[in-house]
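The values are calculated or read from the model by the stated rules, or taken from the named source; none is laboratory data. Keep in mind that this is a model prediction, so the values were computed, not measured. With ideal geometry, Cβ positions are generated from the backbone for all residues, glycine too; neighbour counts draw on all protein chains shown. The area values use the complete protein model at the heavy-atom level, side chains included, leaving out ligands, DNA and RNA. Shrake-Rupley method; radii C 1.70, N 1.55, O 1.52, S 1.80 Å.
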Amino acid sequence: KPAQLFFGSVNMGGSTQLKFGLPESAPVTITIYDLRGRVVNQLVNSVLNAGYYSIPLDNLMGAGMYITRFTAGSKSMTEKVMIQR
């Protein structure tokens, strides 16, 4: 399991993934917004065990720029994500 909470996006070889790690079990939500603030997709809304996770985004959304909101327990992080085709 990871030593600390982390969240980020990785774009390799034309594939975009969200990667995150939980040092302990926690309720997690990951919500994707368009640039106007509208919810596009809620990827996760459940309690997850400690560990490393990866979610491929390419088949879930069209090309474009999105805002991801990641919440685990009482901590939240926001990041822009670009999906290219």
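Odds and ends about this structure:
- Full-stretch length increase - Val10, Asn45 - with 0.36 nm per residue and alpha-carbon distance subtracted: 10.5 nm
- With every protein chain in place, the chain: carbon and sulfur % of accessible area (1.4 Å): 50 percent
- Here's how it looks for Thr16: its modeled amide H is under 5 Å from those of Leu57, Asp58, which are all 5 or more places away or on a different chain.
- Computed over the chain: relative contact order in percent, which uses C-alpha pairs under 8 Å that are six or more apart: 31 percent
- Across the stretch 22-85, the convex hull enclosing all Cα atoms gives 84 Å³ per residue.
- Cut-off 11 Å between beta-carbons: net charge of the residues surrounding Tyr52, Lys and Arg +1, Asp and Glu -1: +2
- Using Cβ point charges alone (K and R +1, D and E -1), the dipole size of the chain about the Cα centre works out to roughly 140 debye.
- Close amide-amide hydrogen proximity is noted between Phe6 and Gly21, each under 5 Å apart and 5 or more residues distant or on a separate chain (H modeled in the peptide plane; Pro and chain starts excluded).
- Residues whose amide H comes within less than 5 Å of that of Val40, counting only those at least five positions distant or on another chain, are Ile32, Tyr33, Asp34 (H built at 1.01 Å from N in the peptide plane).
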